[in-house]
Amino acid sequence: MRSISSFNSGWTFHNGFDDEMPANHKSGQQVELPHNAVELPYNYFDENEYQRPFCYQKSLAWDPGFQNRQVSLMFDGAMADSVVFLNGEAIASHRDGFTPFEVQLTPILSTGENLITVKIDGTENSEIPPFGGQIDYLTYAGIYRDVWLKVVDAVSIERIKVETRNVLAEMKSAAVFCELRNSDKLIGDARITARLFNVEGREIACVETMSRSTGTWLEFRDLPTIDLWEPDDPVLYKVVVELECPGGTDSVSTWAGFRTAEFAPNGFYLNGRLLKIRGLNRHQSYPYVGYAMGRRAQERDAEILKFDLKCNLVRTSHYPQSNWFLDHCDRIGLLVFEEIPGWQHIGGPKWKRESVENIRRMIRRDWNHPSIILWGVRINESKDDKEFYEETNAVARKLDPTRQTAGVRNFAHSELLEDVYTMNDFVLGNEELPWVNHFRIPLRKQKDVTGLESAVPYMVTEFNGHMYPTKLFDSEQRHAEHATRHLQILDAMYGDPQISGCIGWCMSDYNTHKDFGSGDRICHHGVLDMFRVPKFAAYAYASQCDPSEAVVLKPVTFGSRGERSIGGVFPLILLTNCDEVELQFGRELVVRAKPDRDNYRNLPRPPVVIDHRHIPIEVIGNWGTRWEDLVLTGYVHGEPKKVVRLVCDPRPCKLEVSADSPFLLATEKDAVRVVVRALDNGGSAMPVFYDPLNIVVEGPANIIGPAQLSFKGGVAAFWLESVGETGRVEAKLSSQRFAPAILQLDAVRGDPFSMDIAWAKFASERR
């Protein structure tokens, strides 16, 4: 039977590499994976710092359980050019920073101590995608994902694939493909058994066969009482495949969901029902540590997209992302558009061969995720290349005929070789098209983009972003325009049946190369900042949910008459899903306003916009008249459901501290985000408060990044990281004009890698 255990602890990191290292275990920094080779500052850094070789080493002691078995290391991801040595001998290499690779140790694994050396070269090698051109994101060097020690018998299961069939019929079925490793060593037939379990762990189907071939199909037929995987009820089933043969026994499991997903000329259909896609793009980077964040931080990003921002899809721009992230998308019902590494540039023959292999590795790794509905098989925003993209599509369709393909472009009349025409439409705000600005056209019509006579499956995959970068601490007027642009795109999308959906650029700000961003090496393109703190535009998405799920009322204002260029607060945009909002100014003036369906005819939940139609300018707008408190009350079905108070004389009042979790896991490299808000006497974050925040951490945890931060837009955030020990963690937070605040967490032990436990938790919460 197989054994897979974490291999993340006990590594030695060297800030460089020399030819003597593979055969010698040298002293260095003790690290735990995931690990970033160079910790960059928040901004104004030199990205060349990590573009060189580094070295990781670890000793593996011989275990009697290795005898007559296959021992290997599985790397979930290392950036970017990796060479693995065992006892001084190079045994494997991998030239892709975003997909996993497995290294067989058995042929030269010796009794006693075995030295494992991993050379990681972070250089942007022009023969490896996405490199060769300029890239608007960073590729931080290091072993930034998990590593596992795998021990199996001589004959084992290589991988399994699940294809659900007849999903919309009363009696459903599923086919399971089992691929064997070392099938040539079989003596006689192997017994292969596939079992299907529901979420409660009850076996609902079993099928077996005898085979000696490398690949074998098994099928569950006429399955009763199967629930569909839906975004609001993402039911998962566990498939377990067992192997019995003279060469050994093995068992592999995966989670699967029964669902159909089809892009058609008139929209996207999930399980036969039309669903408008509303999503955001995601980069997998974090401040200071780059890509090297563990399981729970990855899961939290999925939760933010689904539950905080109310999106139903995420695009993994522009590369395959963490297994932990995708697993959680399966559990919580967040759709995924996954694509291969790349950004505009197409390299030479070696580069293209590696890109095609990227497709194979991505699909083989992720083909069982029900959340994934589309494969991106074109380099983002690249030029047409008929031969290359015919091959990428053919490879994807052969490996996985159950999903459609897409290719993201940024120019019109591109050749369509994929199943879905996906377009980055940055027409809103394009200064080269003044006629567009004049008429405020948010999105082009499909036909104008494709140049085709008939409609095809079509989706907008990026918008806004670099057209209107907005910092968390920018002016109120800029935030109002930023939110408006997102609203206009979403409204246009909902009004066009030939657009399957829109995916905004992007979820959060991200570090980038010197050629992009705001000069500080940050692209401030997100609806969240790098610490996942929401800007006003985030509520353009969050407010589209039904109020039975959450009542949203976010005024796009700092509550001050003197913030905007012309003075006043009009037009006052209220991002809300309420039926009506009441505004009270001081003690006497009270007005009510309904959602603005004149300008947002298609949005499920238009904003409420209060302007001089509701309140005469001489009452509230004149400079020099008395400024009063603003009290906003949101009504749903005639009942008051939410109140927001903006005081006329804000003063520092208290530090509000919140953490994403009440505990840290000592059994893995865990991290918990902490958000600190400087609140005024009305309970609002102080938008132009920039004082320093001092952080002192006691107990088994470290702060990621510096221990002194500056508030930005009245908010400061950081991550606390576990150090492998249990106990009470206390973070003392102080800023000169506030009473100190204390956050307490517990570092605990548990079973951090059990998806069964995680899924059971979410299943019980749903019920």
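Quick look at the numbers
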| read-out | value |
| --- | --- |
| Theoretical gain in end-to-end length, TYR269 to SER93 [0.36 nm per residue, Cα-Cα removed] | 59.2 nm |
| Modelled FRET efficiency - R0 30 Å, ASP598 with ALA455, Cβ distances, 0.05 increments | 0.55 |
| Where GluC sites (Glu not before Pro) fall in DSSP loop in the range 663-732, at most 15 other Cβ within 10 Å | GLU725 |
| Directionally averaged projected area (convex hull, Cα atoms, the range 380-536), nm² | 11.1 nm² |
| Among GLY248, GLY713, ILE695 the positive-end extreme of the charge dipole of the chain (Cβ point charges) | GLY713 |
| 10 Å-binned pair-distance histogram of the range 34-90 (Cα, whole percent) | 14, 40, 27, 13, 5, 1 |
| Contact order normalised by residue count of the range 1-120, Cα under 8 Å, 6+ apart, percent | 30 percent |
| Summed side-chain charge close to GLU113 - residues other than GLU113 whose Cβ falls under 13 Å, Lys, Arg +1, Asp, Glu -1 | 0 |
| Simple spin-label estimate for ILE187 and VAL591 in nanometres, 7 Å along Cα-Cβ | 8.9 nm |
| ALA169 versus ASP232: modelled label distance in nm, points set 7 Å from Cα along the beta carbon direction | 2.8 nm |
| 20 Å cut-off, amide nitrogen to a point 7 angstrom out along SER548 Cα→Cβ, residues in the range 624-652 | 635-642 |
| For LEU105, residues with placed amide H under 5 Å, excluding near neighbours | VAL71, SER72, LEU73 |
| Cα gyration tensor, the range 297-414 - rounded (a/c under 1.5), prolate or oblate | prolate |
| From the coordinates shown, Rg and Dmax of the Cα atoms in Å corresponds to which of (1) 49.3, 180; (2) 27.3, 89; (3) 27.2, 93 | (3) |
| Of LYS514/LYS535; LYS310/LYS642; LYS445/LYS535, pairs whose Cα-Cα distance is over 22 Å | LYS514/LYS535; LYS445/LYS535 |
| Of all accessible heavy-atom area on the chain, the percent that carbon and sulfur account for (1.4 Å) | 47 percent |
| For ARG159, residues with placed amide H under 5 Å, excluding near neighbours | GLU179 |
| Loop sites in the range 494-591: chymotrypsin sites (Phe, Trp or Tyr not before Pro), DSSP, at most 10 other Cβ within 10 Å | none |
| Using a Förster distance of 45 Å, the FRET efficiency for GLU200-ASP448 (Cβ separation, nearest 0.05) | 0.30 |
| Qualifying chymotrypsin sites (Phe, Trp or Tyr not before Pro) for the range 27-89 [loop in DSSP, other Cβ within 10 Å: at most 10] | TYR44 |
| Whole-number percent relative contact order across the chain, with pairs defined as alpha carbons under 8 Å at least 6 apart | 9 percent |
| Unsatisfied cross-links (Cα-Cα over 23 Å) in the set LYS161/LYS669; LYS306/LYS352; LYS447/LYS594; LYS712/LYS732; LYS172/LYS238; LYS383/LYS447 | LYS161/LYS669; LYS306/LYS352; LYS447/LYS594 |
| Gain on full stretching of the segment that runs from SER710 to THR225 - 0.36 nm per residue minus C-alpha separation | 169.1 nm |
| Stokes-Einstein diffusion coefficient of the range 131-290, Kirkwood radius over Cα pairs, 10 °C, 1.306 mPa s, in µm²/s | 84 µm²/s |
| Calculated FRET value between GLU20 and GLN477, using beta carbons and R₀ = 45 Å, to 0.05 | 0.15 |
| Within-15-Å neighbourhood charge of TRP351 [Cβ basis; K, R +1; D, E -1] | -3 |
| More than 18 Å apart - percent of Cα-Cα pairs taken over the range 562-719 | 69 percent |
| Residue-span extension gain [PHE177 to ASP611] - 0.36 nm each, minus C-alpha spacing | 150.1 nm |
| Net charge of neighbours whose Cβ lies under 9 Å from the Cβ of ALA406, counting Lys and Arg as +1 and Asp and Glu as -1 | -2 |
| Most to least packed among 325-336, 174-185 [average Cβ atoms within 10 Å] | 325-336, 174-185 |
| Residues whose placed amide H lies under 5 Å from that of VAL552, excluding near-sequence neighbours | ASN577, CYS578 |
| Prolate/oblate/rounded call for the range 1-65, Cα gyration tensor, a/c under 1.5 rounded | oblate |
| Label-reachable residues, the range 713-742, where backbone N falls under 15 Å from a point 7 Å from GLU698's Cα toward its Cβ | 727-734, 740-742 |
| Residue-normalised accessible area of the chain, expressed per residue, 1.4 Å probe, Å² | 38 Å² |
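The values are calculated or read from the model by the stated rules, or taken from the named source; none is laboratory data. What you see is a predicted model, and the numbers here were worked out from it, not measured in a lab. Virtual Cβ from ideal backbone geometry, glycine too; neighbours counted across all protein chains shown. We work out accessible area using only protein heavy atoms, side chains counted, and drop any ligands, DNA or RNA first. Shrake-Rupley method; radii C 1.70, N 1.55, O 1.52, S 1.80 Å.
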